[in-house]
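Taking it in order: structure first as structure tokens, then the write-up.
The values are calculated or read from the model by the stated rules, or taken from the named source; none is laboratory data. Bear in mind the structure is a predicted one, so any value in this text is a computation, not a measurement. Every residue, glycine among them, receives a Cβ derived from its backbone with ideal geometry; neighbour counts consider all protein chains shown. Ligands, DNA and RNA are excluded from the accessible area calculation, which covers all protein heavy atoms including side chains. Shrake-Rupley method; radii C 1.70, N 1.55, O 1.52, S 1.80 Å.
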Amino acid sequence: DMLSRACSNLGLIYYYDKKNYSRAHELFQQSLKIREAKGYPIPIAHVLVNLANVYSAGGNYEEALQSLRRALQIYASSGAVQGILRVHFHLAEVFFETKQHRQSVMHLEQCLQIAKKHQIENYNEIGTDLMMKNYVALNDFASFLKYFEPYKSAHDSLAESFIQLQAREANIRFRALELEAERERLSAENDEIRKQLEARQYWIAGTTAL
């Protein structure tokens with residue numbers, strides 16, 4: 001439905017760009033009302049997640065949990081993997097903020113396991129990062145290390161790849177400058193040769209006329 005989509009998109013603008021959570025909440029509620037009347041399950045779940053983010057931003061964690069749990073039921077019954085992953089991660093965030101770290105860990109484990117099963121990498125870094133924060137809060141150093149070592153290895157590999165990419169880009173830019181300088185030199189030489197040819201042609205034309 002175009003109207004519900006418009007309300008949802010406007011809500012996202014007010015949420016992310018303007019940080020106007022009350023207006024975002026109003027727009028998401030309008031979108032939800034339309035979608036519930038139409039009976040669109042997945043779109044309903046999408047807007048429920050957006051509402052949950054608004055509730056979390058305002059510290060209304062119980063409302064956030066209610067919206068997320070309802071969204072999870074819809075995604076699970078529809079087999080919407082991306083939606084399931086998204087909700088598990090947001091549930092983990094809410095439980096982390098409310099210092100319910102074991103609950104947060106549980107949802108992160110589910111999130112990472114499902115992501116691994118479906119070869120979805122979006123949550124690897126952010127999920128691992130939040131997992132480590134939970135274990136720090138729990139003073140569980142052994143569990144922290146289990147996630148830290150592969151996280152550090154992946155980070156170091158990424159950093160090394162980034163450095164190599166920067167080096168290649170710098171080399172390409174330097175080579176481009178060299179080539180541009182060579183082009184300008186050749187262009188100047190061509191202009192000089194062209195002038196000499198024109199001068200010889202004038203001279204030949206003049207002597208022929210004689």
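For region 34-68 versus region 81-104, the spacing of their alpha-carbon centroids is 14 Å. Pairs from the list LYS19/LYS133; LYS117/LYS146; LYS19/LYS117; LYS116/LYS152 with a Cα-Cα gap above 30 Å: LYS19/LYS117. Over region 1-81, accessible surface divided per residue gives 54 Å², non-protein components excluded, 1.4 Å probe. Quick check: at a probe of 1.4 Å, how many percent of the accessible area of region 1-107 sits on carbon and sulfur atoms? Here carbon and sulfur together make up 52 percent of the probe-accessible area. Counted by Cβ distance under 9 Å from TYR151, the other residues give a net charge of -2, where Lys and Arg count +1 and Asp and Glu count -1. Phi angles across region 23-36 convert, under the Karplus curve 6.51 cos²θ - 1.76 cosθ + 1.60 with θ = phi - 60°, into 3J(HN,Hα) values of 5, 4, 4, 4, 5, 5, 5, 4, 4, 4, 4, 5, 5, 5 Hz, Gly and Pro given as x. Within the shell of other residues whose beta carbon sits under 10 angstrom from the beta carbon of ASP1, the net charge comes to +3, with Lys and Arg scored +1 and Asp and Glu -1.
Given 0.36 nm per residue, what is the gain on full extension from GLU198 to LEU12 after removing their alpha carbon distance, in nm?
On the way: separation 186, 0.36 × 186 = 66.96 nm, distance 6.70 nm.
Full extension from GLU198 to LEU12 adds 60.3 nm.
Ignoring aspartates and glutamates fewer than eight residues from LYS38 along the same chain, the ones with Cα atoms less than 18 angstrom from its Cα are ASP1.
The phi torsions of region 10-19, fed into the Karplus equation with coefficients 6.51, -1.76 and 1.60 and a -60° offset, translate into couplings of 5, x, 5, 5, 5, 6, 7, 8, 9, 6 Hz, rounded to whole numbers, with Gly and Pro shown as x.
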